[in-house]
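Student: The structure is given below, and queries will be raised subsequently.
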Amino acid sequence: MQSRLDSRQCEAFLSVIDCGSLELAAQALTLTSSAVSQRIKALEMELGTTLLVRSRPCRATSAGQKLVQHLRRVAELEQDLQSEFSGQQSAAIRIALAVNADSLDSWLLPALSDFLIAENILLDVAIDDQDHTHDLLESGMVLGCISAEPQAMRGCQAVSLGVMRYQLVASQAYCDRWFPQGMTREAARLAPVLTFNRKDKLQSQILLEHFGLTEQAYSTHYVPATTPYNRAILLGLGWGVIPELMLATLEEQNPLVRLMPAYAVDVALYWHHWKVQTPRLARLSATLVNKARSALMQIKGST
């Protein structure tokens with residue numbers, strides 16, 4: 001008969017993953033770094049595999065990621081079970097989600113706010129590019145994610161939410177300076193572009209597809225926060241892409257020029273979650289999907 005996982009060893013392992021180092025995990029657990037390390041080594045010996053890469057920051061190995069997934073799901077199930085048995089079904093639980101910044105800054109919080117209040121759910125949100133949020137679910141850091149990845153990993157489901165449509169925009173002053181004859185290849189090569197961060201490939205894909213320009217062929221500002229990013233466009237620092245959901249509010253301050261009016265970038269989004277969910281997480285998933293489908297574009301034939 002197999003022995004059960006030691007709860008103190010698992011706690012030490014998760015703490016290192018969350019904190020990023022043995023030292024910080026030791027502080028959080030009121031232990032010495034040596035004690036934390038010994039507990040993790042004992043867990044690795046028990047499971048017969050290396051779980052932790054002791055780098056800066058520490059990170060889970062492939063086997064460690066599977067353990068993180070398991071421990072997160074067990075913890076979430078235990079939270080709901082304890083609430084039910086104690087007669088406090090409204091007791092707060094924390095749910096970790098990974099979302100793209102544009103969803104968080106546009107439709108997501110208005111869509112979920114009433115539900116989160118009614119269900120007493122505390123969000124732990126990780127923000128990443130829509131092409132990378134799925135990595136956080138795979139690593140076990142979150143219980144669900146909004147992603148551009150259509151395929152669900154093993155044990156999970158992927159549900160279509162709809163399409164977030166982006167427009168290429170710039171201020172009139174910027175266009176007067178850089179695009180007096182329109183957005184030509186030569187003008188696009190010289191004009192600075194605004195990009196959210198180095199994971200954001202929307203602009204680079206546009207420039208490569210329409211003008212044959214690689215990422216090294218033009219100048220780029222990196223502004224990794226939605227409100228400052230949008231403001232930088234309004235101020236004329238560069239051209240960029242903004243979701244149509246945000247444009248109406250932004251243009252109350254100052255009208256923006258559509259650089260390619262007949263062209264838009266459509267990003268299909270999906271909600272990924274584990275097939276086995278607690279009742280509250282299942283209700284959150286249903287609410288998120290329904291609200292997203294009302295807020296986002298629904299293109300016939302899309303999956």
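Bear in mind that the values in this text are calculations on the coordinates, not laboratory data. Here the structure is a predicted model, which means the values were calculated and not measured. Cβ sites come from the backbone with ideal geometry, for glycine too, and all protein chains shown count toward neighbours.
Student: Please identify, among ALA188, ALA152, ALA217, the residue showing maximal mean-square fluctuation in a Gaussian network model of the chain using a 10 angstrom Cα cutoff.
Tutor: In the Gaussian network model the winner is ALA217.
Student: Output wanted: per-residue J couplings in Hz (rounded whole) for the range 67-77, from phi through Karplus 6.51 cos²θ - 1.76 cosθ + 1.60, θ = phi - 60°, x for Gly and Pro.
Tutor: Listing the rounded values in order: 5, 4, 3, 4, 5, 5, 5, 4, 4, 5, 5 Hz.
Student: Hey, what angle do you get for helix 109-119 against the long axis of the chain, alpha-carbon based, 0 to 90 degrees rounded to 10?
Tutor: Taking Cα atoms only, the helix is inclined about 20 degrees.
Student: If one takes the longest principal axis of the Cα atoms in the chain, at what angle in degrees, from 0 to 90 and to the nearest 10, does the Cα axis of helix 202-211 lie?
Tutor: 40
Student: Could you tell me which of SER160, TRP178, PHE196 has its Cα farthest along the dipole of the chain towards the positive end, charges placed at Cβ (Lys, Arg +1; Asp, Glu -1), taken about the Cα centre?
Tutor: Farthest towards the positive end: SER160.
Student: Exposure proxy check: TYR263, TYR218, TYR270 ranked by fewest other beta carbons within 10 Å?
Tutor: On the way: TYR263 12, TYR218 18, TYR270 24.
Ordered by Cβ neighbours within 10 Å, fewest first: TYR263, TYR218, TYR270.
Student: For the chain, what is the calculated [θ] at 222 nm in deg cm²/dmol (nearest 500), taking -39500 (n - 2.57) for each run of four or more DSSP H residues and dividing by its residue count? Intermediate values should be presented prior to the final figure.
Tutor: Details: 12 runs with 133 residues, N = 303.
That comes out to -13500 deg cm²/dmol.
Student: Moving to a separate point now. What FRET efficiency comes out for ARG54 versus VAL159 if R0 is 41 angstrom and r is the Cβ-Cβ distance? Round to the nearest 0.05. Intermediate results must be reported in sequence, preceding the final value.
Tutor: Values: r = 37 Å, r/R0 = 0.91.
Computed FRET efficiency for ARG54 and VAL159: 0.65.
Student: Still on this model: Number of Lys-Lys pairs in the chain under 21 Å by Cα, sequence gap 8 or more or different chains? Walk me through the intermediate numbers first.
Tutor: Details: LYS41/LYS66; LYS66/LYS275; LYS275/LYS291; LYS291/LYS300.
Total qualifying Lys-Lys pairs in the chain comes to 4.
Student: For the chain, what ratio Rg/Rh do Cα atoms give with a Kirkwood hydrodynamic radius?
Tutor: Numbers: Rg = 22.7 Å, Rh = 21.7 Å.
The Rg/Rh ratio comes out at 1.05.
Student: OK, next. Give me ILE121, ILE17 ranked fewest to most by other Cβ atoms within 10 Å of their Cβ, as a rough exposure proxy. Kindly include the intermediate steps, with their values, before the conclusion.
Tutor: Numbers: ILE121 17, ILE17 24.
So the ranking, lowest neighbour count to highest, is ILE121, ILE17.
Student: Ok, one more. Before anything else, pin down the relative contact order of the chain: Cα pairs under 8 Å, at least 6 apart, normalised by residue count, whole percent.
Tutor: Details: 472 pairs, mean separation 62.0, N = 303.
Contact order relative to length: 20 percent.
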